[in-house]
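The values are calculated or read from the model by the stated rules, or taken from the named source; none is laboratory data. Predicted model only: the values in this text are computed from it and were never measured. For neighbour counting, all protein chains shown are included, and Cβ atoms are generated from backbone atoms with ideal geometry for every residue, glycine included. Surface areas here come from the heavy atoms of the whole protein model, side chains and all, with no ligands, DNA or RNA. Shrake-Rupley method; radii C 1.70, N 1.55, O 1.52, S 1.80 Å.
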Amino acid sequence: MEGAINAVREMLECGFEVFFCTAPHPLQYETCVAEKYAWVRKYMGEDFLRRLIITRDKTLVKGAVLIDDKPHVTGAVTAPDWTHLLFDQPYNRDNSLSSKPRLSQWCDWRTSFTTLGLM
């Protein structure tokens, strides 16, 4: 995704504790998990692997913000600690989601974080 790696590095430079929280595909978890580790190793480096959280339920993860393209992140926790910042994609532009904060491009992350009161 264009600009994502640079945005993550900028977030780290600004003092944010950044983790990749990802859910494996339920029917292909054996290969999916390995592919996620390989991607992080390739693009972020070996040290970043400790920042990889793989879970089927993202609502259980604590944090300030979850940047995710999935319009509805649901799970065991009905009111997670984090604010869902919806990463804009053609498939999640439904009008019923218009009230959700959005991130349209990775280069705009600072503006979104400021709007959420994180900066």
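Say we look at the stretch 78-95 and pick out the residues that are of a type in the set (S, T, N, Q) and in a helix (DSSP H, G or I); which of these is nearest to Cys107 (Cα to Cα)?
Initially, the stretch 78-95 is screened for residues of a type in the set (S, T, N, Q), giving 78, 83, 89, 92, 95.
Right, trim to in a helix (DSSP H, G or I) and you get 92, 95.
Working: Asn92: 19, Asn95: 24 Å.
If we take residues in the stretch 78-95 being of a type in the set (S, T, N, Q) and in a helix (DSSP H, G or I), then Asn92 is nearest to Cys107 (Cα to Cα).
Being touching an Asp or Glu at 6+ places or on another chain (Cβ under 7 Å), open to solvent by 40 Å² or more (accessible area, probe 1.4 Å) and of a type in the set (Gly, Ala, Ser), is that true of even one residue in the stretch 92-106?
Checking the stretch 92-106: at least one residue is touching an Asp or Glu at 6+ places or on another chain (Cβ under 7 Å), open to solvent by 40 Å² or more (accessible area, probe 1.4 Å) and of a type in the set (Gly, Ala, Ser).
Read through the list (1) farther than 16 Å from Phe19 by Cα; (2) open to solvent by 40 Å² or more (accessible area, probe 1.4 Å), then give the number of the only condition that Leu86 fails.
For Leu86, the exception is condition (2).
Just give me the residues in the stretch 70-83 being closer than 15 Å to Ala23 by Cα and surrounded by 13 or more Cβ atoms within 10 Å (Cβ to Cβ), in sequence order. Before the answer, list the steps.
At the first step, the residues of the stretch 70-83 found to be closer than 15 Å to Ala23 by Cα are 70-76.
The answer is Lys70, Pro71, Val73, Gly75.
Check Asp108, Asp88 and return the single one that is within 25 Å of Arg9 (Cα to Cα), at pLDDT 95 or above and among the charged types (D, E, K, R). Walk me through it before giving the result.
Working: Asp88 fails: at pLDDT 95 or above.
After applying the criteria, what remains is Asp108.
Could you go through the stretch 55-67 and let me know if any residue there is in contact with a Pro (Cβ under 9 Å, 6 or more places away or on another chain), in contact (Cβ under 8 Å) with a residue 12 or more places away in the chain, open to solvent by 90 Å² or more (accessible area, probe 1.4 Å) and of a type in the set (A, V, I, L, M).
Yes, that holds for at least one residue.
Is it true that Phe113 is open to solvent by less than 50 Å² (accessible area, probe 1.4 Å) and within 24 Å of His25 (Cα to Cα)? So that I can check it myself, show each step before the final result.
Details: open to solvent by less than 50 Å² (accessible area, probe 1.4 Å): yes; within 24 Å of His25 (Cα to Cα): no.
Against the criterion (open to solvent by less than 50 Å² (accessible area, probe 1.4 Å) and within 24 Å of His25 (Cα to Cα)), Phe113 does not qualify.
Would you check if there is a residue in the stretch 38-53 being surrounded by 12 or more Cβ atoms within 10 Å (Cβ to Cβ) and farther than 28 Å from Met119 by Cβ? Step through it out loud before you land on a result.
Narrowing the stretch 38-53 to residues surrounded by 12 or more Cβ atoms within 10 Å (Cβ to Cβ): 39-41, 44, 48-49, 51-53.
Narrowing further to those that are farther than 28 Å from Met119 by Cβ: 41.
Yes: the stretch 38-53 contains one or more residues that are surrounded by 12 or more Cβ atoms within 10 Å (Cβ to Cβ) and farther than 28 Å from Met119 by Cβ.
Of all the residues that make up the stretch 99-115, how many are closer than 13 Å to Val65 by Cα and either out of contact with any strand residue (DSSP E or B) (no Cβ under 8 Å at 6 or more places or on another chain) or not hydroxyl-bearing (Ser, Thr, Tyr) (or both)? So that I can check it myself, show each step before the final result.
Filtering the stretch 99-115 down to residues closer than 13 Å to Val65 by Cα leaves 100-103, 109-110, 112-115.
Applying the additional criterion that residues be either out of contact with any strand residue (DSSP E or B) (no Cβ under 8 Å at 6 or more places or on another chain) or not hydroxyl-bearing (Ser, Thr, Tyr) (or both) yields 100-103, 109-110, 113-115.
Selection size over the stretch 99-115: 9.
Being assigned to a helix (DSSP H, G or I) and aromatic (Phe, Trp, Tyr) is the filter here; which residues of the stretch 1-56 pass it?
We begin by selecting, within the stretch 1-56, every residue assigned to a helix (DSSP H, G or I); these are 4-13, 29-44, 46-51.
Result: Tyr29, Tyr37, Trp39, Tyr43, Phe48.
Among the residues in the stretch 27-45, are any of a type in the set (Ser, Thr, Tyr), farther than 20 Å from Arg9 by Cα and out of contact with any helix residue (DSSP H, G or I) (no Cβ under 9 Å at 6 or more places or on another chain)? Talk me through it step by step, then tell me what you get.
Filtering the stretch 27-45 down to residues of a type in the set (Ser, Thr, Tyr) leaves 29, 31, 37, 43.
Retained after the next criterion (residues that are farther than 20 Å from Arg9 by Cα): 29, 31.
So of that shortlist, the ones also out of contact with any helix residue (DSSP H, G or I) (no Cβ under 9 Å at 6 or more places or on another chain) come out as 29, 31.
Yes, the stretch 27-45 has at least one match.
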